[in-house]
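Structure, as structure tokens:
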Amino acid sequence: MAPTAPSSSSAPSKRTKPPRRLTMEKKAAIIEQVQSGRSQREVGREFGISKQTVWDFIKNKAKILEVAAKSTGAGKKNASQGVYPQLEEALLVWLMDSVCDELPSADVAFDDLRTAGVSIPAGITFEGFADADKDLELCAELTDDEIIHQVTEDFDDSDTENEEPAPTQPTSSELMRALMTLSSVYSDNMTLTEIEADMIAGKRTVQKKISNFFATKC
């Protein structure tokens, strides 16, 4: 009796080839090839993708070309340097490449980065990377005494920039020199009130000569 051929149900199933992932630069190159006059089927065959995928790229060409330009460095801004700058840079490029695709899980993202040659510490997970600096204290916490001091502290809001310094009490030698100066100008029989009145009147009077300010008062 001839051996029976194995049924189709017992035959090993053919593994489905995972979809090919293209970088934003390659997607932009596909768009440029189609715009140059080549057919979508021909370009798709060259890059190993279907005609429908090529059509999807053409439909979203504005967004693809914009992201591709940023991923090559033109107009890209490095806002900050985190705990793992190389990993952040690689994640940024990966995210830009996935704008027009459905974003995979975090584990797939890390696997893609490791396959691309990015050095990722074995103990670092996507969640750990995202929360690396969440507990970083941006400012010191005040103590109760510091808070009370700030609340009860008296602030001088007056503008003291143009204020004159407070007058100081003259010394005995300064008073003596002032009296001698007054005695050389005014007579001994004049009181301080009369001297003060004369000085005020002199300020209001226009003198013809500078020597008039030093004339002896009788």
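If I go through the range 134-152 residue by residue, how many of them are assigned to a loop (DSSP other than H, G, I, E, B) and either surrounded by 10 or more Cβ atoms within 10 Å (Cβ to Cβ) or modelled with pLDDT under 70 (or both)?
Of the residues in that region, 8 qualify.
If you take the residues of the range 47-63 that are in a helix (DSSP H, G or I) and free of Cβ contacts under 8 Å to residues at least 12 places away in the same chain, which of them is nearest to THR23 (Cα to Cα)?
Only one residue tops the list, namely THR53.
Against the definition (in a loop (DSSP other than H, G, I, E, B), at pLDDT 65 or above and not polar (S, T, N, Q)), how does PRO165 come out, yes or no?
yes
Any residue in the range 173-187 that is without any contact (Cβ under 8 Å) to a residue 40 or more places away in the chain sitting within a Cβ distance under 6 Å of a residue that is not basic (Lys, Arg)? List the pairs, counting only those 6 or more apart or interchain.
Listed by first residue and then by second, the contacts come to TYR186/ILE195; SER187/CYS218.
Return the residue satisfying two criteria in turn: it lies in the range 58-72 and is under 16 Å from GLU25 (Cβ atoms) and among the β-branched types (Val, Ile, Thr), and of such residues it is modelled with the lowest pLDDT.
Going through the qualifying residues, I end up with THR72.
Has the range 18-27 got at least one residue that is surrounded by 18 or more Cβ atoms within 10 Å (Cβ to Cβ), modelled with pLDDT of 80 or more and either outside any helix (DSSP H, G or I) or small (Gly, Ala, Ser) (or both)?
Within the range 18-27 (the criterion being surrounded by 18 or more Cβ atoms within 10 Å (Cβ to Cβ), modelled with pLDDT of 80 or more and either outside any helix (DSSP H, G or I) or small (Gly, Ala, Ser) (or both)), the answer is no, since none of the residues qualifies.
Return a yes/no flag: does the range 44-57 have any residue that is out of contact with any Asp or Glu (no Cβ under 9 Å at 6 or more places or on another chain), at pLDDT below 65 and either under 23 Å from ASP112 (Cα atoms) or surrounded by 11 or more Cβ atoms within 10 Å (Cβ to Cβ) (or both).
No: zero hits.
The values are calculated or read from the model by the stated rules, or taken from the named source; none is laboratory data. No experiment lies behind these values; they were computed from the predicted model shown. For neighbour counting, all protein chains shown are included, and Cβ atoms are generated from backbone atoms with ideal geometry for every residue, glycine included.
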